[in-house]
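Only one structure is covered here, and it is reproduced in the block below.
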Amino acid sequence: FLMYPKFAAGERKGSIDKNLPFAVTFMFALSRGGMNVIEIMRSLSKCSDTYGETSKEIDVILRDMDYFGVDLRTALQNICGNTPSEKFRDLIYNMLTVIDSGGDISVYFRDKSEEYLSKAKVEQKGFLETLGLIAESYVTAFVAGPLFIIILGVMMSVMGSASNTMLYAIIYAVIPIGSVMFVV
C-alpha cells in the first residue's frame, strides 16, 4: 500500500517523458500556425490517445483555469508543483518565464522541440546499445557456450570417459533456467 503511489507516479513520469518531445513538436506546429497558448493546450488535451499522460497534465492546467477560475500563470505554477516529471516541470516553468517576459512562444517551442528530440534520440540509441549487449551475452552464454559443452560431452561420452548426467543437466536445466532468467 505504501509503495503503490510511488510506483504509479513513476509510471506516469515515464509516460510523460516518453511523449513530451512529440507533444512539444505538436505545440510548436500549432504556435507557428498562429494559435495562442491556451488554444494550443486545448488542442493538445484533446489528443490523449496520442500523447497519453502529457495531454492529461495539460488537461489539469485547463481544468484549473476553466473550473476553478485561476489564471494561466497560476495554473502553470500549480502544475509545476504537482507533476512527477522533471522534464515537464522544466518545460512549464520556462514557458511561464517566456510568457512573463513577453518572449516569442513559437521560438521557445521550436528550441525545446529540438532539444527534447535530440535527447530522445540519444536515449534511444543508448537503450538499443544496451539491448544489443544483452542479446550478445545471451547468444554467448546460452547458445554457443552450451552447444560447445554439449559437443565436448558427446565426444567424451563416445570415447567412454564421461557420463550422460552432465549433458542432461545442461540440456534440461541450464539452458531453460538461463533462458527464463534472460526473459525476466
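The values are calculated or read from the model by the stated rules, or taken from the named source; none is laboratory data. Note that the structure is predicted; figures quoted are calculated from it, not measured. Because the Cβ atoms are built from the backbone with ideal geometry, glycine has one as well, and the counts that use them run over all protein chains shown. Surface accessibility is based on the protein's heavy atoms, side chains included, excluding ligands, DNA and RNA. Shrake-Rupley method; radii C 1.70, N 1.55, O 1.52, S 1.80 Å.
Data for the structure
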quantity: Subset of the range 1-35 [over 25 Å from LYS119 (Cβ atoms) and either hydrophobic (A, V, I, L, M, F, W, C) or surrounded by 12 or more Cβ atoms within 10 Å (Cβ to Cβ) (or both)]; calculated: PHE1, LEU2, MET3, MET35
quantity: Test: residue in the range 104-114 that is over 30 Å from ASP66 (Cβ atoms) and either open to solvent by 50 Å² or more (accessible area, probe 1.4 Å) or charged (D, E, K, R) (or both); calculated: yes
quantity: Cβ pairs under 8 Å, 6+ apart, first in the range 161-184 and more than 15 Å from PHE148 (Cβ to Cβ) and open to solvent by less than 80 Å² (accessible area, probe 1.4 Å), second polar (S, T, N, Q) and assigned to a helix (DSSP H, G or I); calculated: SER163/SER157; ASN164/SER157
quantity: Those helices (runs of 4 or more DSSP H) lying entirely in the range 23-77 with at least 2 residues without any contact (Cβ under 8 Å) to a residue 40 or more places away in the chain and either among the acidic types (Asp, Glu) or touching a Cys at 6+ places or on another chain (Cβ under 8 Å) (or both); calculated: 53-67
quantity: Set LEU91, LEU44, LEU133: member being within 23 Å of the chain's Cα centre (by Cα) and surrounded by fewer than 11 Cβ atoms within 10 Å (Cβ to Cβ); calculated: LEU133
quantity: Per-region count, the range 114-129, residues farther than 19 Å from THR25 by Cβ and of a type in the set (Gly, Ala, Ser); calculated: 1
quantity: Failed item, numbered, when ASN82 is tested on (1) within 21 Å of the chain's Cα centre (by Cα); (2) open to solvent by 90 Å² or more (accessible area, probe 1.4 Å); (3) over 20 Å from GLU53 (Cα atoms); calculated: (3)
quantity: Pairs, first in a helix (DSSP H, G or I) in the range 132-153, second open to solvent by 60 Å² or more (accessible area, probe 1.4 Å) and not hydroxyl-bearing (Ser, Thr, Tyr), C-beta under 6 Å, six or more apart; calculated: TYR138/PHE182; GLY153/MET166
